[in-house]
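Below: the structure, in structure tokens.
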Amino acid sequence: MKKVVVYPGTFDPLTNGHLEIIKRASKIFDEVIVLVAKRDEKNTLFSLEERVDIVKRCVSDITNVKVDKLEKLLVDYLREHKINLVLRGLRSNKDFEYEREMFEANKIMLKGIETIFIIAAPHTAFISSSLIKEIAFNGGDISQFVPKEVKKRLSEKLRR
Ligand code: ADP
């Protein structure tokens, strides 16, 4: 049976930290579906369509990675697509506490679901989408933290 895992998140925007997790996962699983979650657009810099488009462009060279939108509860998506594996990245204790709650809640809502955690690499563990936005808004150079596509899209946003 094909091992398919979903990697849900906001990806506002995608960073080298996310990309590192996606690349590592693509070597472990037969297929990785990056699930870009719908959020209240007042709280995201990029719209859902923009976030999906960015991820698609940045993973286009990895053949077993797909991108989809998540516009409902994760457990409902999993049930509908008959998938039982979820992937999340862990950067710190702070991530762990939050992830543990989600892990338990999801397990209760959908039996048979398993969440797999990949620990962030030291050179990307400090990267978060909010830190990237903060640096970019203050005129800093984000080249080392995000793919080229994201740097371009952030500069376009800032120009508006
Ligand atoms: P969410 O709002 O669901 O936390 P994010 O886009 O912030 O969405 O993160 C999606 C997933 O990627 C989460 O599991 C998060 O812990 C993980 N992640 C974020 N940044 C990094 C990073 N630098 N290294 C490894 N994992 C990361």
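What number of residues within the range 104-115 are in a helix (DSSP H, G or I) and either among the aliphatic types (A, V, I, L, M) or surrounded by fewer than 17 Cβ atoms within 10 Å (Cβ to Cβ) (or both)?
5
Kindly establish whether R24 is surrounded by 20 or more Cβ atoms within 10 Å (Cβ to Cβ), within 10 Å of the ligand (Cβ to nearest atom) and in a helix (DSSP H, G or I).
Here the answer is no, as R24 does not meet what is asked.
What number of residues in the range 141-160 are modelled with pLDDT of 95 or more and not hydrophobic (A, V, I, L, M, F, W, C)?
Total satisfying the criteria: 9.
Given the structure, is F96 more than 10 Å from the ligand (Cβ to nearest atom), in a helix (DSSP H, G or I) and over 29 Å from R160 (Cα atoms)? Outline the logic, then answer.
Numbers: more than 10 Å from the ligand (Cβ to nearest atom): no; in a helix (DSSP H, G or I): yes; over 29 Å from R160 (Cα atoms): yes.
So F96 fails the test.
Within the range 75-86, can one find any residue that is exposed (fewer than 15 other Cβ atoms within 10 Å of the Cβ), on the phi > 0 side of the Ramachandran plot and modelled with pLDDT of 95 or more?
Yes - at least one qualifying residue is present in the range 75-86.
Being of a type in the set (V, I, T), more than 7 Å from the ligand (Cβ to nearest atom) and surrounded by 17 or more Cβ atoms within 10 Å (Cβ to Cβ) is the filter here; which residues of the range 116-135 pass it?
Result: I132, single match.
Take the residues of the range 29-43 that are part of a loop (DSSP other than H, G, I, E, B) and over 14 Å from the mean Cα position of the chain (by Cα): which is farthest from the ligand (Cβ to nearest atom)?
Looking at residues that are part of a loop (DSSP other than H, G, I, E, B) and over 14 Å from the mean Cα position of the chain (by Cα), I get D30.
Given (1) assigned to a helix (DSSP H, G or I); (2) at pLDDT 95 or above, identify the lone condition not met by D12.
Against the list (1) assigned to a helix (DSSP H, G or I); (2) at pLDDT 95 or above, D12 comes up short only on (1).
The values are calculated or read from the model by the stated rules, or taken from the named source; none is laboratory data. Remember, it's a predicted structure, so these values are computed and weren't measured experimentally. Reconstructed Cβ throughout: ideal geometry from the backbone, glycine too, with neighbour counts over all protein chains shown.
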